[in-house]
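Any read-out appearing in this document is the output of simple, stated calculations on the displayed coordinates, not a laboratory observation. Computed from a predicted structure; not experimentally measured. When we count neighbours, we look across all protein chains shown, and the Cβ atoms used for this are built from the backbone with ideal geometry, even at glycine.
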Amino acid sequence: MPVDRNSGMWNPQEETLTKEEKRLRDEKNLVRIFRHAYSNSPFYHERYREAGLTAEDIKTLEDIKKIPFLRKPELQEAQRKNPPFGNNLTVPINKLSEIFVSPGPIFEGVVAEEVEAMLNARCKAFYSCGARPGDIVINTFMYHMVPAGLNIHMGFRRLGCTVVPTGVGQTAYQAIIMRDLGVTVFTGTPSFLAMIGEEAKKGGIDPRGDLKLELGIFSAEPLPDGLRKSLRDTFGILARQLFGTADLGTVARECPQENGMHIEESLIMEIIDPNTMEQVAPGEEGEITCTMPHKLANPIIRFRTGDATILREEKCSCGRTSPKLKKILGRVDQLVKVKGMFVHPVNIKSVVQKHPELGNYEAIVDRPQLSDVLTIRIEFEGTGKSLPKNLEEAKEELEKEFKEVLRIKAAVELVQKGSIKETKERIVDLRKME
Ligand SMILES: [Zn+2]
């Protein structure tokens, strides 16, 4: 009988918390981790004392706004000044269970008590994506230095899976291993599985007929619709994604709905406007900022990830109650505010890529008088493949599509192929040049 990969949850109690239950949990966790960091991490003690805070100043979830933000360069700088941990270590170094080295470079220590929380988050995520006890999982994430490979490995073990720790590389051999062992789940980057598919075919392995693969769980790279579809078709699999970072572990995971990633329940997430540093309303773009209540050895509090997203707070038919990250829009420093709304180059690209008759494009925001004007210039060939042949009608249709995605009006200018040298994946902001 085929495995049911679409129903149930790993931890129904946590995954169906009401908003109020979650708020109470976050509040308790925030107070606890703040006091822990203030009392035991000289790095935080200094920062917070300088900000005029005492250990008793954080009493409610609202009080989180009093806590200074933390950015990765500050952690790197602290580690350079006071190696190896930048004074942000709450236990003696030989009490750590692992020390990871993440790109940066940055040292990150873990104590055994944190591992349970990490495994719980991993199991919820893998189960939500469709992995089940009894799966044979090939783990192609890197095992050395960084946390990814090892932590993912341990998560699948806890879920009750058999893990084949292949790590990165050896593309053609990965396909042979998958075939010979009857691997059912692939985990790694989507581009790596696509490469394995190519190599398999070259080596006479049919990715559908010769492999038993049923599911791909992807992370560390975006999974655009086109790639998801091509992996599905090539391997005959479900293709689902997680979002995580080396600093934070699992942040969010897809569910069978595949239309956004539910936020990991244990973390306290804020989406902030990088200009005003205020929390944005649900549905608006902003920067993912996380507080990790379970990270005890190297606390992470109000950490700005630099990743831009949109948060969605709607009921999901999978039954999980945590809000979803609609998608990861890229780096927050590419966000541009136009008429009070954030616009990300990814949004513009998503519309342009839908139509084969469109070529290079550029987006320009200007303020000729009092208000902002966003102009998107695009190369256009009136072939009638997916847009009207008529210039005026095509322009109208595109303006409608941009309005839907960007939620503000953009003026579209259609130009001949060859008029724009190359696609600018950034929005050119002429307002700043005054
Ligand atoms: Zn869901």
When region 79-231 is reduced to its Cα atoms, the Kirkwood hydrodynamic radius in Å: 16.9
Mean ellipticity per residue at 222 nm, deg cm²/dmol - from DSSP H runs of n ≥ 4 across the chain, formula -39500 (n - 2.57): -9500 deg cm²/dmol
Computed FRET value (nearest 0.05) for Val168 with Thr16, which takes r as the C-beta separation and R₀ as 45 Å: 0.80
Extension gain (nm, one decimal) between Thr60 and Asn390, 0.36 nm per residue minus Cα-Cα: 112.9 nm
Label-to-label distance, nm, for residues given as Lys326 and Met145 (7 Å Cα→Cβ offset): 3.6
Region 20-90: GluC sites (Glu not before Pro) in DSSP loop, at most 11 other beta carbons within 10 Å: Glu56
Sites excluded, trypsin sites (Lys or Arg not before Pro) in DSSP loops with at most 10 other C-beta within 10 Å, longest stretch of the chain: 1-314
Value of relative contact order over the chain, rounded to a whole percent, pairs C-alpha under 8 Å and six or more apart: 12
Overall dimensions of the chain as given by Cα atoms, namely Rg and Dmax in Å: 23.5, 71
Highest-MSF residue in the chain out of Ala308, Ala194, Ala297 [GNM, Cα springs under 10 Å]: Ala194
Proximal aspartates and glutamates to Lys66, defined as alpha-carbon separation beneath 13 angstrom and excluding residues fewer than eight positions away on the same chain: Glu50, Glu56, Asp57, Glu278
Disulfide-incompatible cysteines by the Cβ rule (no partner under 4.7 Å) in the chain: Cys123, Cys129, Cys161, Cys290, Cys316
Anchor Lys201: lysines whose Cα lies under 21 Å away (excluding residues fewer than 8 positions away in-chain): Lys212, Lys229
Within a Gaussian network of the chain (alpha carbon springs, distance under 10 Å), most fluctuating of Ser219, Ser128, Ser230: Ser230
Rough spin-label spacing in nm, given labels placed 7 Å along Cα→Cβ, for Lys339 and Lys95: 5.6
Unsatisfied cross-links (Cα-Cα over 21 Å) in the set Lys324/Lys354; Lys202/Lys354; Lys327/Lys403; Lys315/Lys354; Lys19/Lys326; Lys28/Lys72: Lys324/Lys354; Lys202/Lys354; Lys315/Lys354; Lys28/Lys72
Estimated vicinal HN-Hα couplings, Hz - region 116-127 in sequence order (Karplus 6.51, -1.76, 1.60; Gly, Pro = x): 4, 5, 5, 5, 4, 5, 5, 4, 4, 5, 5, 5
